[in-house]
Structures are given as C-alpha cells and as structure tokens.
Amino acid sequence: MIQFAHKEILWFLFSALLMLAGYIVYNRHRRRALEKIGDRWLMGDLMPDASGAAHHWKFFLLLAGTTLLIIAAAGPRLGSKLEEVEQKGREIIIALDVSNSMLAEDVAPSRLERSKQMIRRMVDKMSNDRIGLIVFAGDAYTQIPITDDYTSVKMFLAGAGPEMVSKQGTAIGSAIGLAVRSFSSPEEESREGGSAASRGIVVITDGENHEDDAVGEAARAAEKGIRVFTVGLGDPNGVPIPVRPGSTAKRRDREGQVVVSKLNEQLLLEVARAGNGAYIAGDRINSLIDELDQLQKTEQKTKVFSEYAERFQYFAGFALILLLLEVLIRTRKNPVLQKMNPFRTEG
C-alpha cells in the first residue's frame with residue numbers, strides 16, 4: 001500500500017486537471033478558428049509540414065511529467081524497509097501494590113496515587129530502557145510485559161487500582177517471583193545477537209506482607225543477577241483506610257473495628273538487602289532514580305522494525321524523462337508519430 005509523507009501536496013493534482021481542461025478548450029478554439037479560415041483538409045494541404053499529432057504528444061508528455069513531479073513532491077512511500085538498531089539499556093519491572101491499604105491517605109493524595117506519580121516520573125527519565133508493570137495484592141498479575149512503549153505503560157498505569165484484582169492481601173513475594181519470570185533470559189538474549197541487559201525490580205508498597213516469603217524471593221532474584229529495590233509509602237504508626245478514594249467512611253474488620261494500615265519499613269529493608277538492592281522512602285523519588293542509574297546499561301538484543309521505503313525518486317525520474325521527450329519532440333510532422341497519432345481519423 002502506498003502512503004505519502006506530504007499528503008497536502010496532492011491537492012496540486014487538481015492543477016493537472018485544469019491543464020487538461022484548458023488544453024481541451026484551447027484545442028477546440030484552435031480548430032474552430034482554422035475552420036473559419038478554410039476547409040480543414042485544404043488547410044492541411046497548405047501546411048504539409050505542420051503536425052497536429054506533435055502538439056498533442058507534447059501536451060500529454062508535459063501533463064504526465066507534471067503529474068509525476070507532484071506525486072514525487074508528496075513523498076510516496078511504498079513497500080517496507082527493514083533496519084537493525086542496536087541499543088544499550090536496562091530492563092526494569094515495576095511491581096505496584098494495589099491492595100486496599102494503598103488507598104490510605106497518609107501520603108497525599110493517597111499511597112496509590114503517589115505511587116503512580118513516582119512511576120510516571122521514572123518513565124519520563126528513561127531512555128532506551130525497557131519496562132514492565134506488575135500489579136499485586138493477594139496475588140500478582142502482569143499488567144504490561146517488558147516493552148519500550150512508555151506511552152502504553154502510562155496509559156495502563158492510570159487504571160491500576162484495587163478493583164482490578166480479585167484477591168486482597170499483599171503478596172510481595174509473588175510479585176517478585178512473577179517479575180523474575182517476566183524477564184527475557186540471558187540465553188535468549190545471546191541467541192538473538194545481544195547481551196543480557198541489567199535487570200532491576202522496583203517494588204512499590206506499604207510493606208504489609210501477609211502472604212509469602214518476600215525475603216526469600218528477593219534472594220533468589222539476586223542469585224540470577226536481578227537487583228530488587230523497595231519503595232515504602234505510609235505512616236509507620238498506622239492510619240485508617242477509607243472505603244473508597246475521598247470517602248470519610250473507614251474500612252472495618254469483621255468485629256467492627258477500624259482497620260489501620262502501617263508502613264512496614266523493616267520488611268522492605270530486609271527484602272532490599274536480600275535482593276542486593278536498596279530501600280527508598282516514598283518521598284525520595286530522586287534517590288530511587290539515582291539507584292536505578294547505577295544499573296549498567298548493556299547492549300540489548302538487536303531490534304528489528306519496519307518502515308516505509310521512499311519511492312519519490314522513481315516518480316521524479318520518470319517525470320524528467322517525459323519532460324525531456326516533450327522538449328525533443330518538434331511540431332513538424334514525424335512519420336513515426338504520425339502512425340501513432342490516436343487523434344487521426346480516416347477521411
């Protein structure tokens with residue numbers, strides 16, 4: 001399928017139609033003017049060297065050449081071209097806690113919304129890196145696989161919330177384990193012509209882990225060369241959890257007691273230590289970015305992408321050939337052109 005880089009230039013094709021209409025009108029006017037002078041066949045005998053066919057051929061060559069030049073100027077792109085691009089970067093998977101406790105508003109506007117703001121800032125600072133997004137509560141789910149499409153990451157991030165998970169809780173270990181499995185393996189990278197990118201997992205949570213062995217999962221990630229960073233949000237003294245964002249009503253347990261959520265910094269410190277990473281307080285996003293910058297950017301596998309190949313040169317070349325022929329054709333009769341004259345009628 002053909003596409004054009006500058007579609008607006010195609011409007012000039014109407015000028016070619018105007019040229020054709022003008023020539024038809026001129027040709028009729030010329031023929032009628034000659035008929036007023038005398039019989040057409042008699043005029044032909046009086047001007048034996050004049051070639052009406054040459055006039056027609058010169059015009060249509062000029063018209064075709066002009067049309068092709070307009071198309072060439074519009075930048076036609078036809079077919080596809082493959083290019084190989086080698087980039088150096090990192091692979092980073094963000095595990096975002098979307099459990100109900102993240103709705104707590106001890107961090108304005110809430111722990112969850114502050115987390116999203118942090119992630120957006122992280123993405124804005126990235127260049128040539130690949131990023132993935134995992135959400136977790138009582139279990140972990142892949143929201144965005146490893147990608148370099150930062151726009152998609154931000155789009156899916158906007159809709160992340162407690163309602164997207166069916167099981168409540170805070171399974172930090174499950175999130176880390178899923179993140180480890182989501183990375184492309186070093187063997188796959190080597191087979192495809194690249195080297196393993198530096199890998200990091202960023203766990204953003206309040207640290208209230210009730211489900212699994214988060215420290216053990218972080219240690220297993222570190223054994224594979226994957227560093228685990230933790231970001232803690234919330235008040236260590238604990239605050240009530242609203243029923244929904246902006247609500248004054250608080251969540252209560254089965255006994256009717258108000259549920260209080262506390263930041264568990266100790267656990268997050270242990271997870272980061274086991275994962276050969278670092279623990280970052282939620283209000284120190286720049287520190288997190290600095291920590292991630294310490295991950296060495298390595299050569300990733302060659303990326304192959306397609307784009308339209310420019311084809312304007314063919315249209316321009318044919319146009320120049322036609323215009324050159326137009327210049328070479330003389331208005332005197334030519335035996336060859338006389339035989340090719342489509343406007344000749346038998347007398």
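The values are calculated or read from the model by the stated rules, or taken from the named source; none is laboratory data. Everything numeric here is computed off the predicted structure, so don't read it as measured data. Neighbour counts are summed over all protein chains in view; Cβ atoms, including those assigned to glycine, are modelled from backbone coordinates with ideal geometry.
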Please return the ranges of helices (runs of 4 or more DSSP H) entirely within the stretch 77-182 where 2 or more residues are not assigned by TED's automatic domain parsing to the domain that holds Ala222. none
Select from the stretch 206-235 the residues that are acidic (Asp, Glu) and touching a helix residue (DSSP H, G or I) at 6+ places or on another chain (Cβ under 8 Å) and write down the one among them that is surrounded by the fewest Cβ atoms within 10 Å (Cβ to Cβ). Asp213
Pairs only if they're at least six apart or on different chains, beta carbon under 9 angstrom, first in the stretch 1-12 and among the small types (Gly, Ala, Ser), second modelled with pLDDT of 85 or more and assigned to a loop (DSSP other than H, G, I, E, B); list them, first residue then second. Ala5/Ala74
Does the stretch 251-273 hold any residues that are part of a helix (DSSP H, G or I) and either buried (at least 19 other Cβ atoms within 10 Å of the Cβ) or charged (D, E, K, R) (or both), and which are they? Glu265, Leu267, Leu268, Glu270, Val271, Ala272, Arg273
Can you spot a residue in the stretch 23-44 that is touching a Gly at 6+ places or on another chain (Cβ under 8 Å) and either at pLDDT below 65 or not assigned by TED's automatic domain parsing to the domain that holds Ile201 (or both)? yes
